[in-house]
Structures are given as C-alpha cells and as structure tokens.
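**Student:** This is the structure I want to talk about, given as structure tokens.
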Amino acid sequence: MNPQVERIEVYVDDATEPVQVLTQPPFKVRLDTRTLPDGEHALRIVTVFKSGAKEERRLTFFVDNLPDVALEGLDEDQRVNGEVEFDVKVGEYQAPIEPGRTSPWLYVVATVVVLFLVWLFFAVSPTSEEIASQMAPSGGATEESVAQGSGAPVDQALFDKGKDIYAQSCAACHQAGGEGVPGAFPALKGNKLLGDLKGTLTIITEGKGGMPAFKDFSDEDLAALLTYIRNDFGNSFGGVSVDDVKEALGKGGSTAAAGGGEDLAALIKTGEEVYAQNCAACHQAGGEGIPGAFPALKGNQNLKDKKLVIDRILNGVGAMPPFGSSLDDAQVAAVATYLRAKLNDFGPVSESDVKAER
C-alpha cells in the first residue's frame, strides 16, 4: 500500500458512515446487497491520505435480488401423471433456484470489487513506466555482476518481523509471493539483484522512479525487511544484521542511535517524563490507549511517519489538545523519541526535526 495513504473508506449511496474501512492489503469489500432495495445505487470509495487530503471515486451499480420462480417438488423435464403437488416460491432470498441460474447480485458485487481493486491499483500505486526498473541498483549493476549471497545466518526473529513489514508496505505492489506484476512491478522472487545489499538498501531508503522512499524505517526495520526479501520467494542471499545496515548507510558498526547510546537513553528518559505528565492520562502509561476513545500508541504503525508524530504533538487533533505552546523543541523531540523508539522501533526525533515542523 502507498505509504502516504492512511485508510480507504467505502460508502453506499449518500450514507455518512462507511460500510467498511480498509487499512491493510489485501483490500476486499464485503457488501450484502440484500440490505439494499432493488434499483440503482452508488458506491463511494474515499481515499484518505496522511496529509489530510481526500480523493473520492464513485461507481454506479444496480441491485436486483428478486430470484426467478423456484419450484420445489417438480423438476424440469420430469415425467408425471395423475395429481401433482409442488411449491412455487418467488422473491425469497433463501429459496432454492433452478439449476443453471445464478442470482444477479453475485455479479454486481463481483463487478464492484473488481472495479474497486483496479481503481485502487492505479490510484495509490506508481505508474508502470516509473517503476519498471526500480529494483535495479545504481551504477548499472546486472544480475550477472551481483554477488550470489553473503552466506550469513538468517535471524528468524528478524525474518518474521520483515515478513510483517513486507505485508504492510510492499505486498500491494510486489504481491504477497514476491512475483510482482509483469510490466509494472518488478518481481522479487528469484531476483538476483537483491544480492546487492547496499544497492537494495539505497532503493528502499531513497526510493527510485515511482517507488517512494521509506525514510522512517528504523535500522532494525531495514535489517528485518532485507532479511525477509533476500531469503524468501526462493531467494537465498543470507541474513542481514543491524550493523550490516549501519555500515551500508555509512553509520559505522555501532548499534547506538544518532547521538550515541547514552544520549538516546537520556532523551528517552526525558520523553518518558514528558509523556507521564501530558499524555498518559489518556493514552495510558504503557501506551495501550483506551479502545474507542484514545488510540493506542504502542505498536501504532502511524508513528513511523516522523512528521505526523511531531505535527500531532504540536498542533493536536480531534479531542487531543496542541502542546506546541507548552512544550519546547527539546521536550517535543524527547516525547516523540519516547513514542517512536521506546514504545515502538521507529527511531529517534531531533530538535532540528521539530524546528522544521513548527
């Protein structure tokens, strides 16, 4: 799914409440047309982006749930004599239909779902021209020129985490089995270019063509995703560690975050204090939130978006008040780091990051 899309809302006719909200692929719409009167209806598909922008797609469809006349006790071409008794059923949803007949509403729903998926494919995905070569590392590398794997052992925990990240951020384009879409999204299955660790990492973090840059992935996220795509789909290029990622990104082999491990620990501690004073009453001490009232922050994938986290702290949203005037840049950076690096694993936030969003 395009990382800029927050959710997709599906409405029927002019309803103000969506019948379904889609947040993760695969996107499947379930619509029971038996709750709708026969006749013309409209399906409204609203894409809500993280920036707050919305895009609406409207599709017209027709509902016809009235089945053919169904007979019970008399089969077609049956030879009978004497007095015959059978039941005639018309307009009953559960009535058995004569063989060879299919209820029209099945075709309606199937058509609507297919149209929706086709629209979604082009609405939130890069164009095929832009990304046909997105997995080719810079410098003109070819499959023949890429190493055939490091042979490093695969960390199962990283592999499993990478599988989840792939499902959330990559599978919509490259497909669940890594087979890609010919002419549009390159296959990862059996792709020898994945043997180029640095080249693949550069594409993920900086983007290429129509593929967006995943700058908010932590080093561990990157190590996990690389471990997964390099060792699934029939690939076998060896494991990737956090230190491998740091070295490839020119950060050195240290596992400490920007500013050093001690600085990060101090920043998280300050952020925890700010959180306890300003946030815990609603979002709870462990960040688990209150279902239906205050969203959980722990395990919340939206916190990957560093700018979004800073904006919500500074400006508030809904019932959440703005803290831009009561917290200075250092405090905002600290609490944002606590949310992203302690309750989650999305990396720290600096004061300069906060200044850029004020």
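**Student:** Considering (1) at pLDDT 70 or above; (2) surrounded by 16 or more Cβ atoms within 10 Å (Cβ to Cβ); (3) of a type outside the set (Ser, Thr, Tyr); (4) farther than 30 Å from Thr60 by Cβ, say which one Pro137 fails and leave the rest.
**Tutor:** Among (1) at pLDDT 70 or above; (2) surrounded by 16 or more Cβ atoms within 10 Å (Cβ to Cβ); (3) of a type outside the set (Ser, Thr, Tyr); (4) farther than 30 Å from Thr60 by Cβ, Pro137 violates only (1).
**Student:** Which residues, taken from region 1-35, are more than 30 Å from Cys170 (Cα to Cα) and either buried (at least 17 other Cβ atoms within 10 Å of the Cβ) or in contact with a Phe, Trp or Tyr (Cβ under 7 Å, 6 or more places away or on another chain) (or both)?
**Tutor:** Thr33, Arg34
**Student:** So which residues in region 195-237 are over 25 Å from Ile310 (Cα atoms) and among the acidic types (Asp, Glu), if there are any at all?
**Tutor:** Selection gives Asp196, Asp232.
**Student:** On to the next question. Starting from region 151-173, take each residue that is within 18 Å of Lys189 (Cα to Cα) and charged (D, E, K, R) and list its partners that are part of a loop (DSSP other than H, G, I, E, B) and at pLDDT 90 or above, counting only C-beta distances under 9 angstrom and pairs at least six apart or across chains.
**Tutor:** From residues that are within 18 Å of Lys189 (Cα to Cα) and charged (D, E, K, R), the pairs are Lys163/Asp232.
**Student:** Only one of (1) at pLDDT 90 or above; (2) at positive phi fails for Gly180. Which number is that?
**Tutor:** (1)
**Student:** Among the residues of region 293-316, is there at least one that is β-branched (Val, Ile, Thr) and either surrounded by fewer than 17 Cβ atoms within 10 Å (Cβ to Cβ) or in contact with a Lys or Arg (Cβ under 6 Å, 6 or more places away or on another chain) (or both)? Show your work before the answer.
**Tutor:** Initially, region 293-316 is screened for residues β-branched (Val, Ile, Thr), giving 309-310, 313.
In the following step, the residues that additionally are either surrounded by fewer than 17 Cβ atoms within 10 Å (Cβ to Cβ) or in contact with a Lys or Arg (Cβ under 6 Å, 6 or more places away or on another chain) (or both) were identified as none.
For region 293-316, residues β-branched (Val, Ile, Thr) and either surrounded by fewer than 17 Cβ atoms within 10 Å (Cβ to Cβ) or in contact with a Lys or Arg (Cβ under 6 Å, 6 or more places away or on another chain) (or both): absent.
**Student:** Of all residues in region 39-53 being of a type in the set (Gly, Ala, Ser) and in a strand (DSSP E or B), which is nearest to Val309 (Cα to Cα)?
**Tutor:** Kept after step one, since they are of a type in the set (Gly, Ala, Ser), are these residues of region 39-53: 39, 42, 51-53.
Next, from what is left, pick out any that are in a strand (DSSP E or B): 39, 42.
Details: Gly39: 45, Ala42: 36 Å.
Residue satisfying both the conditions and the ranking: Ala42.
Results for (1) outside any loop (DSSP other than H, G, I, E, B); (2) crowded, with 17+ Cβ neighbours inside 10 Å; (3) not hydrophobic (A, V, I, L, M, F, W, C), shown as yes or no for each residue.
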| site | (1), (2), (3) |
| --- | --- |
| Ala265 | yes, no, no |
| Lys269 | yes, no, yes |
| Glu272 | yes, yes, yes |
| Ala276 | yes, no, no |
| Gly287 | no, yes, yes |
| Pro322 | no, no, yes |
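**Student:** Another one. So Ser352 clears everything in (1) part of a loop (DSSP other than H, G, I, E, B); (2) surrounded by fewer than 22 Cβ atoms within 10 Å (Cβ to Cβ) except one condition, right? Which one?
**Tutor:** That leaves (1) as the condition not met.
**Student:** Restrict the check to region 27-38 and report whether at least one residue is in a strand (DSSP E or B) and at pLDDT below 80.
**Tutor:** Scanning region 27-38 turns up no residue that is in a strand (DSSP E or B) and at pLDDT below 80.
**Student:** Among the residues of region 174-210, write down those that are assigned to a helix (DSSP H, G or I) and touching a residue at least 24 places away in the same chain (Cβ under 8 Å).
**Tutor:** Lys192, Leu193, Leu194, Gly195, Leu197, Lys198, Gly199, Thr200, Leu201, Thr202, Ile203, Thr205
The values are calculated or read from the model by the stated rules, or taken from the named source; none is laboratory data. The model shown is predicted, which means the values in this text are computed figures rather than measured ones. Neighbour counts are summed over all protein chains in view; Cβ atoms, including those assigned to glycine, are modelled from backbone coordinates with ideal geometry.
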